[in-house]
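Taking it in order: structure first as structure tokens, then the write-up.
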Amino acid sequence: MTAVRYLRYLYQAHLSSPRHEREIYHTIRQAAPMTRIVQVGVGDGELAQKVIQFTQQYAGDTQVEYTGIDMFEAREQQDGMPLKQAHKCLVATGAKIKLTPGTASMAIPRLANGLPNTQLLLIAADQDAHDINAAFSWLPRMLTEESVIFWERLGNDGLHLEKLSLSDLSAPAPARKAA
């Protein structure tokens, strides 16, 4: 069984698409076992399913806990899944699923104390940066120094992942010059 798991890892970390998500799988394997995942911006749920299933390969007997924060039916672009459909889809993975409707600044303050020792935080590119930044002050309640944050960003060359840690978020902002 370990040969199959290794082949799955090679595929996910080196050949899967979209290409920018490959680092997530590499990190999950390196930091295994990762069992507490929070995702802001579930979208169509495809990444959530892949990450949960990949994480379960390295979790042993521990159940993977996944929390998804999204606007679901209230998304402006209507490009995501309805809450019921997302729940049904993700529960089928066998993980413990908790889905919360809302934006990061609405949901994280309510959930932060109940999500200690979150090991992986995924932030989708379609999330408003100001809204995410408004929730940053609550993240130390959820994350540890070993936690990994992947923030998907849209750049000139397409989507890419910015890998952050808790210390990156708590670093003082550069001083602004007076106008």
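We did not get these values from a lab; they are worked out from the coordinates using the rules stated. As the structure is a prediction and not an experimental result, all values here were calculated from the model.
Take every DSSP beta bridge with both residues inside the chain and express the antiparallel ones as a percent of the total, to the nearest 5.
Taking every DSSP beta bridge with both residues in the chain, the antiparallel ones total about 25 percent.
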* Out of (1) 1.03; (2) 1.28; (3) 1.12, which label holds the value of Cα Rg over 2.2 N^0.38 Å that was computed here? -> (1)
